[in-house]
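The values are calculated or read from the model by the stated rules, or taken from the named source; none is laboratory data. Bear in mind the structure is a predicted one, so any value in this text is a computation, not a measurement. Using ideal geometry, Cβ is built from the backbone for each residue, glycine included, and neighbour counts are taken over all protein chains shown. The protein model used for the area step is the full one, side chains on, heavy atoms only, and it has no ligands, DNA or RNA in it. Shrake-Rupley method; radii C 1.70, N 1.55, O 1.52, S 1.80 Å.
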Amino acid sequence: MRRFVLILGALISLAAGGPAAAAASPQSALSGALTQGMDNTGGAGGALVQDLNTGKTLFSWVANTGRLPASVEKLYTTSTALLRFGPNATLATRVLAAGSFDRHRGFHGVLWLKGGGDPTFGSAAFDQSAYGTGATVGQLADNLIRNTGIKSIQGRIVGDDTYFDSARGTPANGYGPDLTDVEGLLDGLAYDRGFANFEGTLGQPRPALYATQQFVGALQARGVKVASNTAVYTGQAPKKAQWLATVRSPSIATLIRLTNTPSDNYLAEMLLKGLGAKFGGAGTTAAGAAVVRSELADEFGIHPSLNDGSGLSRSDSTSPVQIVSLLRQLYRNQDFVGSLAIGGETGTLQDEMNGTVAQGNCRGKTGTLHDVANLVGYCRARDGHTLAFAFLINSISDPNYVHSVEGNQMAVAVANYDG
């Protein structure tokens, strides 16, 4: 009889949610919060969360289905750039020559301004405003003067942008110029991203020629006399041209941070063409995309579909499983992790996760198109573990609302996990 009373009491306690009721596990609590978040987005989505310390999958929702990545694709471009070039590598803009100096340090012959696909090459004012760093035309002029003692120029000055092809845009716009989405003109010798004004609302019809004219102006501003009959135009430098001076971009580690934190389409597409030029046999978007696909397959064992560098193309496709696989294999790479926006603090995440446990504890990359809102990255959970997550939501009508759900509800749930 006493045993029956004890059992009956336990059953009553369980039904009433009393002390004998089992508390929801941390994983169940996380799963419930993320399921609610996925329902709230109202779109066609997939998600995956993994504990990188244990390897355990904590949440999965249609995680193998490919979705439009939008700017999440920049993680594929920048990780490939980081691994192929190396974090300390730089992109060079050079001055080459065929000619000679007289005894007064006057140069007679042809100078070439040879572009190397540096997206930051331009004016000091623009670089400071846009990046806080960069390779300026003034630095290149100073280096030339320091290296050669040049006092005057008689002959020709030629801009060479043949490191890249002549396509100024991406597959998303038929490779034509697109200042709105691409945020600049893709050129091997672009100056201030190919903009014709500081605001970036107008593009240069001939970016390489304009860059060369700015180089001439920088030399003249430093006292180098350029003969009035000196021709300035564009063309390809011969392989035997003599090197005179170089200005180098910020490191690749810095360039990928400048790409990922604010989600800069122009830098991503320039890096992609640079990968094609250096490792794929041609400075084209297609060659760069092939390099990225090869790197992802060989190094990470993943096979997303992509044909550009920024995620503007609607032919791109990737899954949460592929994204988390990349994140898992790179989470100890400080340059990669450090390139991501910090929740509630920097870049595209500065207005999300504010005042929550996720602020300062989550880093990530957003992806946005008119019908896409994605968020992927890492969170340091309450238990001290690092969790990798990917929330890919397509077929929506309000990306801002979905980003709010992802950042202020779902990422917060991930950061709040205490397994």
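Brief remarks follow.
- Accessible-area order (highest first, 1.4 angstrom probe) of the listed residues 114, 239, 151, 225: 239, 225, 151, 114
- Using only alpha-carbon positions in region 145-257, the gyration tensor eigenvalues give semi-axes of 28, 16, 15 Å once each is multiplied by 5 and square-rooted (largest first).
- 29 Å Cα-Cα reach of residue 365 towards lysines, excluding residues that sit fewer than 8 places from it in its own chain: 56, 74, 273, 278
- The residues neighbouring residue 27, those whose beta-carbon lies less than 14 Å from its own, together hold a net charge of -1 under the Lys/Arg +1, Asp/Glu -1 convention.
- Net charge of Cβ neighbours under 12 Å - reference residue 166; Lys, Arg +1; Asp, Glu -1: 0
- With DNA, RNA and ligands ignored, accessible area of residue 160 (1.4 Å probe; Å², nearest 10): 0
- C-alpha long axis of helix 265-279 to longest principal axis of the chain, angle in °: 70
- Rg in Å to one decimal, and Dmax rounded to a whole Å, for region 266-368 via C-alpha atoms: 15.2, 48
- Rounded to 10°, Cα long-axis angle of helix 137-148 versus longest principal axis of the chain: 50
- Normalised contact order of the chain, rounded percent, pairs of Cα under 8 Å and 6 or more residues apart: 22
- Protein accessible area in the chain, 1.4 Å probe - carbon and sulfur %: 49
- Annotation: lysines with alpha-carbon distance below 18 angstrom to residue 240 (same-chain offsets under eight excluded): 114.
- Accessible-area order (highest first, 1.4 angstrom probe) of the listed residues 393, 342: 342, 393
- Straight Cα distances below 20 angstrom link residue 151 to the aspartates and glutamates 102, 142, with same-chain residues fewer than 8 positions distant left out.
- Computed over region 91-189: relative contact order in percent, which uses C-alpha pairs under 8 Å that are six or more apart: 28
- Phi-derived couplings, Karplus 6.51 cos²θ - 1.76 cosθ + 1.60 at θ = phi - 60°, listed residue by residue for region 46-59: x, 8, 7, 10, 10, 7, 6, 7, 10, x, 7, 7, 9, 7 Hz, with x used for Gly and Pro.
- Solvent-accessible surface of region 126-205, taken per residue with a 1.4 Å probe and all protein chains present: 41 Å².
- Radius 9 Å from Cβ of residue 419, net charge of other residues (Lys, Arg +1; Asp, Glu -1): -1
- Loop-located chymotrypsin sites (Phe, Trp or Tyr not before Pro) in region 180-286 whose Cβ has at most 15 other Cβ within 10 Å (DSSP): 198
- Against the main long axis of the alpha-carbon atoms of the chain, helix 26-41 sits at an angle near 60°.
- Rg/Rh (Cα only; Kirkwood hydrodynamic radius) as it applies to the chain: 1.14
- Convex hull volume of the Cα atoms of region 18-92, normalised per residue: 167 Å³.
- Computed accessible area, residue 101, all protein chains, 1.4 angstrom probe, square angstrom: 60
- Average Cα contact separation per residue, region 300-356, under 8 Å, 6 or more apart, as relative contact order %: 19
- Region 69-199, Rg to Rh (Cα coordinates; Rh as Kirkwood inverse mean 1/r): 1.03
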